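Please read the structure below before turning to the comments.
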Amino acid sequence: MRFSTATSLYVFCATLVATPAAAQDVGAPGKLLLTNGIGTIEGAAGGGLTPWAVIAGNATKDGVGGQASATIVALPDYDVAALSGAIGGWNRIELSFARQIFDTNRVGGALGLGNDFKFDQNIFGAKVRVAGDVVYGATWMPAIAVGVQHKDSLDDAVVRAVGAKHGAGTDYYASATKLFLNWSLLANVTVRATKANQNGLLGHGGTLGDTHRVQMEGSLAYQLSRRLVVGAEYRSKPSNLAIAREDDWADAFVAYGVNRHVTATVAYTDLGSIATFEKQRGVLFQLQGAF
């Protein structure tokens, strides 16, 4: 596994969070610890694989906050790295950006792309919480948010060569999220309309489909303490490319709130078959700084 690119992402994030503010107590004013979520692989606040109806940053309805994350996913045949950031305003709106790097390692040579060929894409996102609250309000009324993610491949010619119809595309989603304090349990359901191949890294659409298809995503998280959360996620995927089957994704994670400003996450991930290579199961690491 090669971590040269990902290591630089961690240095960036570590520099961001190593500030005097990071020493503030967990009980400082703002959102409850960990209720801003972590940075998804696409940049939006939520879990690792799927967005939640939470808004990035520690600020409440009276201010603006944000968070930045460095993520590594180490798989048997590939490495994925992502650098993302998001700004949240008044616990209502969120703007996000993510840069993803998908390193094919030796597989690139086997596929005729050359060893260590990297697929890169930029993801621009926006989210609005339209109703409810994750923590407060009626017990059974979740926060509900709608969002959009525009994904732009930086390797348009290559993704078209492997069968994608488009190098860029847009996902649309709606999320419902609730933290049940009595049970220390957070539940999330996200419905997504997408035609992205491998999250957009291999373009959008293909010979097996070139329309937006509805996919289901979900998360469950249990709070062991104020700082420590364990959980699992599932994300269904379309399969549009004739050259390779695309499987659903799943993970099991542990997130630790070092303090209000720093969160560390590790997860076991199962991404299934990617570009004809089966059993892509590995580990996700993330370091996040928030204000």
Check your understanding: So how many Lys-Lys pairs in the chain land under 16 Å Cα to Cα, not counting same-chain pairs under 8 apart?
Key -> 10
Exercise for review: Amide H neighbours of residue 91 under 5 Å, at least 5 residues apart or on other chains, H built in the peptide plane: list them.
Suggested key: 63
Review point. For the chain, what proportion of DSSP beta bridges, expressed in % and rounded to the nearest 5, is antiparallel?
Key: 100 percent
Practice item. Show me 117-124, 241-248 ranked by packing, highest mean number of other Cβ atoms within 10 Å first. Key: 117-124, 241-248
**Study point:** Evaluated over the range 62-154, the Cα radius of gyration and Dmax, each in Å
**Key:** 18.0, 56
Review point. With θ set to phi - 60° and the Karplus curve 6.51 cos²θ - 1.76 cosθ + 1.60, what are the ³J(HN,Hα) couplings of the range 243-257 in order, to the nearest whole Hz, using x for Gly and Pro?
Key: 6, 7, 6, 10, 9, 5, 10, 8, 8, 10, 10, 10, 10, 10, x
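Is the shape of the chain rounded, prolate or oblate, going by the alpha carbon gyration tensor and its root eigenvalues a ≥ b ≥ c, with a/c under 1.5 for rounded and a/b larger than b/c for prolate? The partial results should precede the final answer.
Working: a/c = 1.90, a/b = 1.51, b/c = 1.26.
In terms of gyration-tensor shape, prolate.
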Review point. By average Cβ neighbour count within 10 Å, what is the ranking of 40-48, 282-290 from highest down?
Key: 40-48, 282-290
Exercise for review: Any chance you could give the angle, 0 to 90 degrees and rounded to 10, that helix 4-17 forms with the longest Cα principal axis of the chain?
Suggested key: 20 degrees
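Read-outs: derived from the displayed coordinates by stated rules, not from any lab. Note that the structure is a prediction, hence the values are computed from the model and not measured. Note: ideal-geometry Cβ built from the backbone for every residue, glycine included; neighbour counts use all protein chains shown.
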